[in-house]
Structures are given as structure tokens and as C-alpha cells.
Amino acid sequence: MTVKVGIIGCGGIANGKHMPALSQVEEVEMVAFCDLLVERAVEAKSAFGTEDAQVFSDYQEMLAQADLDVIHVCTPNASHAELTIAALEADCHVMCEKPMAKTAAEAKAMIEAANRTGKKLTIGYQNRFRKDSRYLHEVCAEGQLGNIYFGKAHAIRRRAVPTWGVFLDEEAQGGGPLIDIGTHALDLTLWMMNNYKPKFVVGKAYHELSQTKNAANAWGPWDPEKFSVEDSAFGFVVMEDGATIFLEASWALNSLDVKEAKTTLIGSKAGADMNNGLTINGEDHSLLYEKNIELETGGVDFYEGNGETPEILEAQSWIHAIINDTEPVVKPEEAMVVTEILEAIYKSSQTGEPVYL
């Protein structure tokens, strides 16, 4: 079976993840490319498309004219909901890049559109497909940690503010590091805990370093006048069953405790962290133990294509879910909860009050 894919947004994330990964899935043909800057779409066709692939600058024209099975939405956050809903209503399955949407209301509308049209919808949380993530998820699902009552979601950079595109634009993105990289860490933590019922959230976003001129930064100094999003944000989530989650996210922080897209889990039987590789800790016969998991020795194959990158595994799993009519690994209802919590942290920061969900 051949799956015909169209790409909306041919910028950084499409070129860095989606299109290279899809090119490694044998059932896929990329037959349409759309970008507001049409030269980007032309370049994408040249690099990844079929010989007769079509190029567009208007997504509505693409949906109306191209023969497509799947759309990948790879645009700034503000347009995720609009483009996803339009693609679903054009009878296409949709992979939308993370985060699902700027707001929970938009995320809900996306799910309603998927249910209404009967098409599949998933969100691009590729960190679930890392070896350490897959192994730890199996450990949690088997109950080896017991009741996981506390989790930490880590997304901390010392100085790595993205200075290209619209990352610093609050209107286009909906926020900064919290919605950009914090979303990955929170998704991992919720997935491991298999807990998607938040009760209330307390959070605070900071603008402490954003106005620094000539700042040390991995991608060169940022422009303080364009830095309209937070540079750091922290949240505390209480779930309906009493479990709690601490979320930390920053692009620029005076800390050496740097870790991104990682989780720490505390359970009644054992704990786990991704700080220095994957470590499980607990108590056995009245003695404490630490177990370091060797992930490069093989034997971990929870998804097809063992040994491939997380991005390729994500693409393979998604396309095969369409072909085999199975559920995608990342369910939109799960991704919506991530968006609900992120939105609540921002709201709590603005109001100074807890936000009940």
C-alpha cells in the first residue's frame, strides 16, 4: 500500500525531522508541499518529493487539488488547530507537530474534528520512541515501580535560546520554553505515569534573562526587543488521584543541572530517572539497590524498526497505524491534557492563583 503524504510548512522542523523520517518509510510518497514562502516548498519537493509532486503557497488549494491520504502540519503553534481541522475535513489523517495547540479549546476542537471525520490524529512527541523511554514505559506498565505518585518533568537548558523563526514571538507560539521543550518532558512524564486527570495547577513564568543584551547563547545573542515569551517557567500539578508532578522548563537559566526531555519517577515500589542514562532504584531484601540499564546491548524492541532513530520510528509507527487501522502511539486525548496543563501554568502565573481543571 502506498500512503500519499502532504507537508504543510516546509521550514525547520519539517526539514529537520518530518521529511527525512518519512523518506525512510517505504510505504510513503511525499506528493505535495505547501509553504507561505513557495521557494521552501520547491526545495522540499526537490529533496524529498516524487517527480510529479505538487507545490503550493496556499494550504486550502493544496487540500482541494492534491490527492492525499495524510497531512503533516509543521507550522508555528498558532496555526496548528486551523490547519489540522481543515486537513481532517479534507479526508486526511493528520500528524501535527507538538505542541498540539496554543490552547486547550483549540486542542478539543481538533479532537472533535477527528471524531467527526473518522480520521486519525496524532501529535509529534518523538521522545516516546527513544530506547530509554520505551524501556521505562514497559517497566512502568508492568508495575515494577508500583504506584507512581510523584514525577518530575525536566526541560532545562543553560543557554540555548532559539533565535530563528518565531520562537520568541508569543503571538505565534503561545509561549516560550514551557510550550516548546517543556511539552516534551511533560508528555513523557504523563505517559510513564499513565495519568491524565489533572485536578489543579500552580505555576510561574519568568522574564529574568530575556532582556540581556549580547547574551552568551548557543545560537548567538538574542534580540531583547523580540523576546516576548518567558525565558523560564515552573509548574506544580496535582492529579485527581493525589499524584503530583513538578515541571521545569527553561531556555536560559543560571544552573548547571541541565537536562532536556527527561523524567524522574517516584513510585511505591521503586524509582527511576534519566539523569545519567536510565537508572532504576529501590529496596530488595532490606537492602537498597541501583540498576543502570544498558540500552545499547539489544533486546529492546517494543516497536518496529529496532535500531532506528526516534524520528524514523515515530514516522514508521504512525504510517503503519494508518495502514493497519490501529491507534497511534500518541493519542490526541493525551496530547490535549499536556496542552491543558501548560495553559494552566501560564494562567496561574498571570493571576497568581491555582487553576482548577
Notebook entry, point to check: Can you find even one residue in the stretch 162-180 that is closer than 28 Å to residue 268 by Cα and in contact with a Lys or Arg (Cβ under 7 Å, 6 or more places away or on another chain)?
Noted result: no
Margin query: Which residue is nearest to residue 343 (Cα to Cα), if the candidates are limited to the stretch 235-244 and must be open to solvent by 10 Å² or more (accessible area, probe 1.4 Å) and without any contact (Cβ under 8 Å) to a residue 60 or more places away in the chain?
Written below: 236
Check: Among the residues of the stretch 265-274, how many are open to solvent by less than 40 Å² (accessible area, probe 1.4 Å) and assigned to a loop (DSSP other than H, G, I, E, B)?
Finding: 1
Notebook entry, point to check: Which of the residues that make up the stretch 285-295 are modelled with pLDDT under 95 and either open to solvent by 80 Å² or more (accessible area, probe 1.4 Å) or in contact with a His (Cβ under 6 Å, 6 or more places away or on another chain) (or both)?
Noted result: 294
Next item on the list: Please indicate, with yes or no, whether at least one residue in the stretch 52-75 is in contact with a Phe, Trp or Tyr (Cβ under 6 Å, 6 or more places away or on another chain), at pLDDT 95 or above and open to solvent by 40 Å² or more (accessible area, probe 1.4 Å).
Entry: yes
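Rundown of residues vs (1) over 26 Å from residue 177 (Cβ atoms); (2) within 15 Å of the chain's Cα centre (by Cα), yes/no style:
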residue	(1), (2)
90	yes, no
96	no, yes
100	no, yes
108	no, no
135	yes, no
138	yes, no
144	yes, no
Note to self: Tally up the residues in the stretch 314-331 that are open to solvent by 50 Å² or more (accessible area, probe 1.4 Å) and not in a helix (DSSP H, G or I), please.
What the structure shows: 4
Check: So is residue 4 assigned to a strand (DSSP E or B) and either among the basic types (Lys, Arg) or touching an Asp or Glu at 6+ places or on another chain (Cβ under 7 Å) (or both) or not?
Finding: yes
Notebook entry, point to check: Restricting to helices (runs of 4 or more DSSP H) lying wholly in the stretch 100-179: which have 3 or more residues that are free of Cβ contacts under 8 Å to residues at least 12 places away in the same chain and open to solvent by 10 Å² or more (accessible area, probe 1.4 Å)?
Noted result: 104-117
Item checked: Among (1) open to solvent by 10 Å² or more (accessible area, probe 1.4 Å); (2) aliphatic (A, V, I, L, M); (3) in contact with a Ser or Thr (Cβ under 6 Å, 6 or more places away or on another chain); (4) in a helix (DSSP H, G or I) - the single one residue 88 does not satisfy -> (1)
Note to self: Anything in the stretch 32-51 that is under 25 Å from residue 324 (Cα atoms) and either crowded, with 22+ Cβ neighbours inside 10 Å or in contact with a helix residue (DSSP H, G or I) (Cβ under 8 Å, 6 or more places away or on another chain) (or both)? List them, or say none.
What the structure shows: 32, 48, 49
Check: Taking the stretch 246-264, which residues are touching a Gly at 6+ places or on another chain (Cβ under 8 Å) and buried (at least 24 other Cβ atoms within 10 Å of the Cβ)?
Finding: 247, 249, 251, 263
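The values are calculated or read from the model by the stated rules, or taken from the named source; none is laboratory data. It should be emphasised that the depicted structure is a prediction, and the values quoted were computed from it without experimental measurement. Virtual Cβ from ideal backbone geometry, glycine too; neighbours counted across all protein chains shown. Note: areas computed on protein heavy atoms with side chains; ligands, DNA, RNA excluded. Shrake-Rupley method; radii C 1.70, N 1.55, O 1.52, S 1.80 Å.
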